[in-house]
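Here is the structure we will look at, set down as structure tokens.
The values are calculated or read from the model by the stated rules, or taken from the named source; none is laboratory data. Values in this document were obtained by computation on a predicted structure and should not be read as measured data. As a convention, Cβ positions derive from the backbone with ideal geometry for all residues, glycine included, and neighbour counts pool all protein chains shown. For the accessible areas, the whole protein counts, side chains as well, though only heavy atoms, and no ligand, DNA or RNA atoms are used. Shrake-Rupley method; radii C 1.70, N 1.55, O 1.52, S 1.80 Å.
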Amino acid sequence: MPRVLLIEDDPSVREGVELGLRRRGHEVRTAATGEAGLAVLREFRPDLLLLDLMLPGMNGVQVCRRVRDTSQLPIIMLTARGDDFDVVVGLEAGADDYIVKPARTEVIEARIRAVLRRIEDPGGTRPAVEFHGELAVDRAGLTVAKNGERIALAPSELKLLLHLSAAPEQVFSRQQLLEHVWEHSFHGDARLVDACVRRLRNKIEDTPGDPRYIQTLRGFGYRFGPL
Amino acid sequence: MPGDDRPARRRRLPRPFGLRTRLVLAFLLVAAVGCGTTAALTYRAARNAILEQTQDTAVTAFRQQVETLNVQLPVDHDGLQNELRRIARQGKPRPWRVYAEYGDVRVSSTDRPASTVLTPELRRRATAPGATHGSFQRVVRNGTPYLTVAVPAVFGNFRGLPEDHPTGLVLYAVMDLGEEEADIEAMVLAARDGALPALLVALVPALLAARGVLRPVRELRRAAHSMGRGRLDTRIHAKGSDELADLARTFNESAAALERSVTELRRAEARARRFASDVSHELRTPLAGMLAVTEVLDEDAGTLDSDTARAVRLISAETGKLAVLVEDLMEISRFDARAAELHTDEVDAAEMVRKTLINRHWTDPERIATELADGIRARLDPRRFDVVVANLVGNALRHGGPPVTVRVYEEGGRLVTEVADRGPGIPDDVLPHVFDRFYKGDPARTRSAGSGLGLAITQENVHLHGGTVVAANRPDGGAVFTVRIPL
């Protein structure tokens, strides 16, 4: 079962979510502040970080940036604000998904599983390493390199890139991407896709403003290539 | 929004009888009446003066001439004619034509013995007893005015007869008044030529006065228009102490009062909205903890004694409802604060509806029937459209009766989504309120499974798409909700 670190300042939420997840068999550690959470992170080595956006002192967005700087740990934002601004800020900081409070444990767990799930290779018998321009995508090792240098990608970014590059030049709508990458089968949020695409472009494109790998088709969605 | 169907600002054309036209016309009318009256009076006075002077001169001169008449009776025709010619020559102010009548004798200074200008009336007056000073008459013949003078010749100290006894000989003088007429005509022309420029000159103060009145009126109109468009800080520049300035000041005071009330109302409304939003927000955090453990409660309820188990299940169920209510309240607050954004995507409408139904496990064909036209691509916010369909179908299942029919088709460039049920329909008095917040069709049923905000949120979501949603009853029973969204 995945190990989850929960950073949440409100004691009842912290205890409630911890209790719920523990009952479902997760190993859960909690922290009340961002600073404490970062300290626990090094020692606990969780599989996933559940992060409240509104924290005293160092806020969730700052914690998220700090974690992203050094690791590809999956991060899910736990936010009391479903308002556009907060969601987008959280996603831009590198979160893989977000959950609006209040949420049932089953919803939280489903999201955790979706983020942690490894992408299945739709190609089947492809060679393990594919080359697209300067990009080398290793589907078996789940790594991506550009010009021989490995790129650190968050789980959602990696999943998105693997999904798009598995079918080059095929256009996927945001809705399709949400379903395949985030497994949001309904009321999915297209901002997740847009924010993730932006982050991915910043990492793999030569000039993010004029993308070569991940192209936008206005009104339809995104596609990989043609290079 | 009601504000949106405000008609586009019309270009106002000058009306045929606008204030300016009326003011100018009134001014001109006054000027015309003034000019006309003055001219008419002057004309009459001048005309009389001219004519009277001519008449008096002529009559006096003629009478004097007649007194110098040297005639022997009975009349010597040639002698008389010579006398007449002499008199005619001495006519004042102009030569006359002189006629003499004595019984049947007609003598004249001209070629014709009798004049056609002389009227029987003048003859009668001249020969009337006692009329020794002569009389005159103005006659117009063939468009030419003539002055005719009749003076009877009298005996002067003759044979013991009293003085001024008429001799029976009457002398008539006929004088052409054409010259005087020309003078008078020239005067009329002068009056006219003077009046027209006066009228033109009057146009200037007329226009100035009209402008003086119209400028504040126009400013008032502009200001009222501007206020109507919601710019409540509109004020008019009020100066002077006339009625228009008073009007402007009154307008300004009213506008200020209105602005104050509206500002206060807006503030109160904003406070109320923020309160709803803040309350919902504050409720989320405790709910987040509670909702996360409801499963624990539900799972363990089986092992508890029956009363405790019921209490635990009740809390779990109510927590779920409360979470839905808070979520809906937050959503409504976002709409009120205009913070709700549309994230559109091009999607297949039928596919969207199908997913909504499958995800909610509304797949029992006995309860849900679908008629979904495939291949309609629409620009929708998938999350919001999902909310719309889910709310309408959920509502139909809860309050209507199965089977619920969901239809999707295209009509006139719009995506039409129709949700119909086979229930009792919506009572007529409820129908106008179904989209109101927290409106309960049955007051006794104070709480239903929904939050009471579902249809209000549905409507907001549809409006966000630029579409409409209407509720109606079908003639064969059951309610039908129709959503139309532009493609």
**Study point:** Tally of residues being at pLDDT 70 or above and either touching a Pro at 6+ places or on another chain (Cβ under 7 Å) or crowded, with 17+ Cβ neighbours inside 10 Å (or both) across the range B:64-77
**Key:** 3
**Study point:** Cross-chain or 6+ apart pairs with Cβ under 6 Å, the range B:309-330 first and without any contact (Cβ under 8 Å) to a residue 12 or more places away in the chain, then crowded, with 17+ Cβ neighbours inside 10 Å
**Key:** B:ALA309/B:ALA301
Check your understanding: For the range B:352-447, which fully contained strands (runs of 3 or more DSSP E) count at least 1 residues that are modelled with pLDDT of 90 or more, aromatic (Phe, Trp, Tyr) and surrounded by fewer than 16 Cβ atoms within 10 Å (Cβ to Cβ)?
Key -> B:404-411
Exercise for review: Return the pairs, sorted by first residue and then second, in which the second residue is aromatic (Phe, Trp, Tyr) and in a strand (DSSP E or B), the first residue lies in the range B:469-487 and is surrounded by 14 or more Cβ atoms within 10 Å (Cβ to Cβ), the beta carbons are less than 7 Å apart, and the residues are 6+ apart or on different chains.
Suggested key: B:VAL469/B:PHE481; B:ALA471/B:PHE481
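Just give me the residues in the range B:334-351 being in a helix (DSSP H, G or I) and open to solvent by 10 Å² or more (accessible area, probe 1.4 Å), in sequence order.
Correct list: B:ARG334, B:PHE335, B:ASP336, B:GLU351.
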Practice item. Quick one: A:CYS64 ticks every box in (1) under 20 Å from the mean Cα position of the chain (by Cα); (2) touching a residue at least 12 places away in the same chain (Cβ under 8 Å); (3) within 14 Å of chain B (Cβ to nearest Cβ) except a single one, so which number is it? Key: (3)
Practice item. Would you check which residues across the range B:281-332 are closer than 24 Å to A:ARG24 by Cβ and not in a helix (DSSP H, G or I) and list them? Key: B:GLY302, B:THR303, B:LEU304
Practice item. Just one of (1) under 22 Å from B:GLU282 (Cβ atoms); (2) out of contact with any His (no Cβ under 9 Å at 6 or more places or on another chain) trips up A:LEU73, so point out which. Key: (1)
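Residues checked against (1) touching a strand residue (DSSP E or B) at 6+ places or on another chain (Cβ under 7 Å); (2) open to solvent by 70 Å² or more (accessible area, probe 1.4 Å); (3) modelled with pLDDT under 75:
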{"position": "B:PRO120", "(1), (2), (3)": "no, yes, no"}
{"position": "B:THR144", "(1), (2), (3)": "yes, no, no"}
{"position": "B:ALA153", "(1), (2), (3)": "yes, no, no"}
{"position": "B:THR167", "(1), (2), (3)": "yes, no, yes"}
{"position": "B:ALA173", "(1), (2), (3)": "yes, no, no"}
{"position": "B:GLU180", "(1), (2), (3)": "no, no, no"}
{"position": "B:MET187", "(1), (2), (3)": "no, no, no"}
{"position": "B:LEU196", "(1), (2), (3)": "no, yes, no"}
Practice item. Using the structure shown, decide if B:LEU207 is open to solvent by less than 50 Å² (accessible area, probe 1.4 Å), at negative phi and of a type in the set (A, V, I, L, M). Key: no
Revision key, fill the gap. Restricting attention to the range A:172-226, the residues that are among the small types (Gly, Ala, Ser) and either open to solvent by 40 Å² or more (accessible area, probe 1.4 Å) or in a helix (DSSP H, G or I) (or both) number exactly 4
Exercise for review: Can you give me the number of residues within the range B:233-258 that are in contact with a Lys or Arg (Cβ under 9 Å, 6 or more places away or on another chain) and part of a loop (DSSP other than H, G, I, E, B)?
Suggested key: 3
Practice item. Give B:SER241, B:SER306 a once-over and let me know the one that is open to solvent by 60 Å² or more (accessible area, probe 1.4 Å) and modelled with pLDDT under 85. Key: B:SER241
Review point. Going through the range B:312-363 one residue at a time, which ones are hydroxyl-bearing (Ser, Thr, Tyr) and more than 11 Å from every other protein chain (Cβ to nearest Cβ)?
Key: B:THR363
